[in-house]
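I have placed the structure first, in the form of C-alpha cells, so that the comments after it can refer back to it.
The values are calculated or read from the model by the stated rules, or taken from the named source; none is laboratory data. Just so you know, these numbers come straight off a predicted model, no measurement behind them. We place every Cβ from the backbone using ideal geometry, glycine too, and count neighbours over all the protein chains shown. SASA here: full protein model, heavy atoms, side chains in, ligands and nucleic acids out. Shrake-Rupley method; radii C 1.70, N 1.55, O 1.52, S 1.80 Å.
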Amino acid sequence: MKLATFEVPTAVGPVERLGAVANADAAESKGEQSTAGAEPLVDLTAAYGALLESEGEQAPADRARTRVPPAMVAFLERGDQAIADARAALEFAAETGVTRGPGGATLQYDPGEYTLLAPLPRPNSLRDCMAIEEHVRNSMDGDVPDVWYDMPVFYKGNPDSVVRPGESVRWPDYSRIMDYELEIAAVIGKRGRDIPAEDAAEYIAGYTIFNDFSARDIQGEEMTGRLGPAKGKDFANGLGPYLVPAADIDVLEAPMTARVDGEVWSDGAIDEMYHSFADIVEHVSQSETLFPGDVIGGGTVGEGCGLELGRWLEDGDTVALEIEGIGVLEHTVVT
C-alpha cells in the first residue's frame, strides 16, 4: 500500500485528502514503478465511509473521519488500527467498484483530477542523520570523527519548507552551488520516549523518499562556526511521493537511484548503514518524546550526492530520486 496526501478542487477552494494508489500491489508484482501523480488515487476516508455504509453503520461519514482521518498526521496518531482500516477501505473500493460514498463523496480520483502533495506536507518535526560511513568518509576527505561511530549524529531541519513532488525548487539567492542527497526517511507513527532499539520497529509507521537539498557553499561557510547546517538546508526538503507502511517494504534491500535529466548519477541501498533506524530511534528518543508525524532521514547513501561525485546541479536540472517499492520523487531546480 502506498499512502498519499493529495488536494482536490472544490467550490470553496482546494481540500486536502488522504489516499492510496489504486492497484499499487498489482503494479509492483509486475515490476512497474509508480509515476507520481499519473495513477488513480482512492480517497481512503470516503472509501471507508462507503464500507461502513454498506454494513449499515449509522452516520458512516462521521465515523469514517474518526477512523481514517483525511490528514496524514491525524491518521498516523491512530497507529496500527488506522493502517488496518485503510487497507480495508482500499480493498473494499477495489472489490466492489463502488464509486460514491456517504453524501455522494468521490471514492477515486484519476490523474488530472488531483494535485499530489508530499505525504506529510508539514511534518511534526524533521531530523536528518548521517548513518552511512561511505558518505561521511567521502564528504570529509576520509577523516571520520570518532563521535560519528559513537552515536548517530543528526541535524534538525525546517518542517515548513517541504516541497511537493513535481514542484520546482527555487534555489536561494545566497547560493551558487546546488546539490541533492539521495535518502530514505522513517516516519514515526507512535508517541514514545526513551525507546530501546529492540522496540523501535513498533514506532516506525513507514518510509518515504527524502531529497535533502543542500546549498553547499553557504553550508560549508556556516559550519565553520560550529553550528548548523541551517541556511544551507532549510530552504527546501523533498518528501514523497508516497508513504509506504513499514510492513510493505524491506528498506535495507530496496535499490535507490538518483537521476539528473535522465542520467544516473547515484545508486545504492541503505544496507550499508552503520547506525540502523532502530539505533537512530533509540538515540533521538533519549530524554525526548517522539510524536506521530516526526520524520527522520537515515542519511545519504554512498556517492549519493554531487559533493561526493565532484559535480553540481545546474539551473533547470531535474532530479529524480527513485526507491523501489516507494516510487519516484522528482523536482526541478531553478535559480
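Tell me, please, whether a residue that is surrounded by 15 or more Cβ atoms within 10 Å (Cβ to Cβ), over 20 Å from GLU39 (Cβ atoms) and touching a helix residue (DSSP H, G or I) at 6+ places or on another chain (Cβ under 9 Å) can be found in region 84-99. Working first, answer last.
Step one: list which residues in region 84-99 are surrounded by 15 or more Cβ atoms within 10 Å (Cβ to Cβ), which gives 85-90, 92-94, 98.
Still in the running and over 20 Å from GLU39 (Cβ atoms): 85, 88.
Among the residues that remain, those that are also touching a helix residue (DSSP H, G or I) at 6+ places or on another chain (Cβ under 9 Å) are: 85, 88.
Yes, region 84-99 has at least one match.
Output the residues belonging to region 263-282 that are open to solvent by 20 Å² or more (accessible area, probe 1.4 Å) and closer than 20 Å to GLY310 by Cβ. If the condition is that a residue be open to solvent by 20 Å² or more (accessible area, probe 1.4 Å) and closer than 20 Å to GLY310 by Cβ, then GLU263, VAL264, TRP265, ASP267, GLY268 are the ones that fit. Restricting attention to region 128-149, the residues being open to solvent by 50 Å² or more (accessible area, probe 1.4 Å), within 26 Å of LEU239 (Cβ to Cβ) and assigned to a helix (DSSP H, G or I) number 3.
So which of ARG164, ARG127 is in contact with a Phe, Trp or Tyr (Cβ under 9 Å, 6 or more places away or on another chain) and within 20 Å of TYR242 (Cα to Cα)?
Details: ARG164 fails: in contact with a Phe, Trp or Tyr (Cβ under 9 Å, 6 or more places away or on another chain).
Matching residue, one of ARG164, ARG127: ARG127.
Where strands (runs of 3 or more DSSP E) fall wholly inside region 209-307, the ranges with 3 or more residues that are of a type outside the set (Val, Ile, Thr) and in contact with a strand residue (DSSP E or B) (Cβ under 7 Å, 6 or more places away or on another chain) are 237-245, 256-260, 263-268. Scanning region 176-193 for residues that are surrounded by fewer than 19 Cβ atoms within 10 Å (Cβ to Cβ) and either within 16 Å of the chain's Cα centre (by Cα) or within 21 Å of ILE218 (Cα to Cα) (or both) gives ARG176, ILE177.
Pairs linking a residue in region 298-312 that is at positive phi to a residue that is part of a loop (DSSP other than H, G, I, E, B), with Cβ atoms under 8 Å and 6 or more positions apart or on different chains, are GLY299/MET130; GLY299/ALA131. Filtering region 65-76 to residues that are under 18 Å from TYR242 (Cα atoms) and either in a helix (DSSP H, G or I) or open to solvent by 30 Å² or more (accessible area, probe 1.4 Å) (or both) leaves PRO70, ALA71, MET72, VAL73, ALA74, PHE75, LEU76.
Let me confirm something: among PRO111, PRO152, PRO121, PRO165, which residue is under 27 Å from THR10 (Cα atoms), assigned to a loop (DSSP other than H, G, I, E, B) and over 19 Å from the mean Cα position of the chain (by Cα)?
Working: PRO152 fails: under 27 Å from THR10 (Cα atoms); PRO121 fails: over 19 Å from the mean Cα position of the chain (by Cα); PRO165 fails: over 19 Å from the mean Cα position of the chain (by Cα).
Result of the check over PRO111, PRO152, PRO121, PRO165: PRO111.
Can you find even one residue in region 115-134 that is of a type outside the set (S, T, N, Q), free of Cβ contacts under 8 Å to residues at least 60 places away in the same chain and farther than 26 Å from ALA269 by Cα?
Filtering region 115-134 for residues of a type outside the set (S, T, N, Q) gives 116-123, 126-134.
Going one step further and asking which of them are free of Cβ contacts under 8 Å to residues at least 60 places away in the same chain, we end up with 122.
Restricting the remaining residues to those that are farther than 26 Å from ALA269 by Cα gives 122.
Checked region 115-134: at least one residue is of a type outside the set (S, T, N, Q), free of Cβ contacts under 8 Å to residues at least 60 places away in the same chain and farther than 26 Å from ALA269 by Cα.
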